[in-house]
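A.B. asks: Just passing along the structure, written as structure tokens.
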């Protein structure tokens, strides 16, 4: 292999590594942890608890709300809905389930 080919490979590898790092940072701008990425991009409305636990591991069942509870504009729990939480890497994720399916999520990210 010629010197020119080796330098081309080294520069290509450096470019690919830089693009991969930039892509990762753009998908997880807050903490860059795998847990955060899974919370933001792998948990979706309509998933079952089993599907969510396959992604995140076993969740902790939290007390169900006795009255309607609003976490965010797009995450509201009604009486009888289930609430589960996951905690890892200093982050806390709450996921609500209505009739056995994800109806909303809220990720608490500490200020860095």
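The values are calculated or read from the model by the stated rules, or taken from the named source; none is laboratory data. Values in this document were obtained by computation on a predicted structure and should not be read as measured data. Because the Cβ atoms are built from the backbone with ideal geometry, glycine has one as well, and the counts that use them run over all protein chains shown.
A.B. asks: Do we find that residue 51 is at pLDDT 95 or above, part of a helix (DSSP H, G or I) and surrounded by 13 or more Cβ atoms within 10 Å (Cβ to Cβ) in this structure?
C.D. replies: Answer is yes for this residue.
A.B. asks: Here's something else I'd like to know. In region 54-79, what count of residues is obtained for those that are farther than 14 Å from residue 104 by Cβ and at pLDDT 85 or above?
C.D. replies: Going through region 54-79 one residue at a time, the tally reaches 9.
Quick grid of which residues meet (1) touching a residue at least 40 places away in the same chain (Cβ under 8 Å); (2) surrounded by 13 or more Cβ atoms within 10 Å (Cβ to Cβ); (3) not assigned by TED's automatic domain parsing to the domain that holds residue 44:
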{"site": "62", "(1), (2), (3)": "no, yes, no"}
{"site": "67", "(1), (2), (3)": "no, no, no"}
{"site": "77", "(1), (2), (3)": "no, yes, no"}
{"site": "100", "(1), (2), (3)": "yes, no, no"}
{"site": "104", "(1), (2), (3)": "yes, yes, no"}
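A.B. asks: Among the residues of region 1-48, which ones are modelled with pLDDT of 75 or more, touching a strand residue (DSSP E or B) at 6+ places or on another chain (Cβ under 8 Å) and in a loop (DSSP other than H, G, I, E, B)?
C.D. replies: 33, 43, 44, 45, 46, 47
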